[in-house]
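Reading through the structure tokens given below for one structure.
The values are calculated or read from the model by the stated rules, or taken from the named source; none is laboratory data. Please read all numbers here as calculations on a predicted model, not as lab measurements. Cβ placement follows ideal geometry from the backbone for every residue including glycine, while neighbour counts extend to all protein chains displayed. The area values use the complete protein model at the heavy-atom level, side chains included, leaving out ligands, DNA and RNA. Shrake-Rupley method; radii C 1.70, N 1.55, O 1.52, S 1.80 Å.
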Amino acid sequence: QLQVAQATFESSLAARFPSFSVNAGIIRSVNNLANPRGTSFSVSGVVSPWEVDIWGRVGALTAAADANRQAAAQRLAAARLSVHSQVYQTWLTLAFARAQQNLLERNEKIAARLLDLARNRVEAGIASSLEISQAQAQLSLIAAQRVAAQAQERQLFNALATLGGGGRHLPDPAGMNL
């Protein structure tokens, strides 16, 4: 759209100035009495398709074409800004998702250790099997949260790759240190 608007603007600018077209030719005549050299020149026509801008029509058309060109440039700039904003927001959300994933991994390791401690306490006779059940439930909950967080992270990575033009240059999110 910007290129079309630019071409229209330049065309309207050209309409402000006159243009001339001249046709000329060389004719060799056979009549040696009237012209002993045998050559004569003739100009067949002059054309000037120029409109005098008394009422300002050409100027108004030029101004309108310039306004259209500027509007197309602003729409392009707005689209670029929107894409940049989406990339930034997606990147920040991906960074948060990655941090959440790291936190869940640490929590899962802690929950696994707590489960081992609960088993040791039951074996030692200091705790009931209820403690093991609670520790297993906590570990299962954290594992389920990790699966959901991994899915969200992959979706955000794919969105970022799409916004970035295919993602061939983006690293795997599992290896990113955000």
Exercise for review: Could you run the Karplus curve 6.51 cos²θ - 1.76 cosθ + 1.60 with θ = phi - 60° over region 83-90 and give me ³J(HN,Hα) per residue in whole Hz, x for Gly and Pro?
Suggested key: 5, 4, 5, 5, 4, 4, 5, 5
Exercise for review: Mind checking the per residue accessible area of region 74-135 for me, 1.4 Å probe, whole number of Å²?
Suggested key: 72
Point to revise | Dipole-positive endmost among Thr93, Asn120, Leu61 within region 56-122 (Cβ charges, Cα centre) | key: Asn120
Study note, to complete from the structure: Magnitude of the Cβ-charge dipole (Lys and Arg +1, Asp and Glu -1) of region 60-142 about the Cα centre, nearest 20 debye, reported as 300
Practice item. Report ³J(HN,Hα) in whole Hz for each residue of region 61-75, in order, from the Karplus equation J = 6.51 cos²θ - 1.76 cosθ + 1.60 where θ = phi - 60°; Gly and Pro get x. Key: 5, 5, 5, 5, 5, 5, 5, 5, 5, 5, 5, 5, 5, 5, 5
Practice item. Could you list which residues have their amide H under 5 Å from that of Ala127, counting only those 5 or more apart in sequence or on another chain, with H placed in the peptide plane? Key: Val122
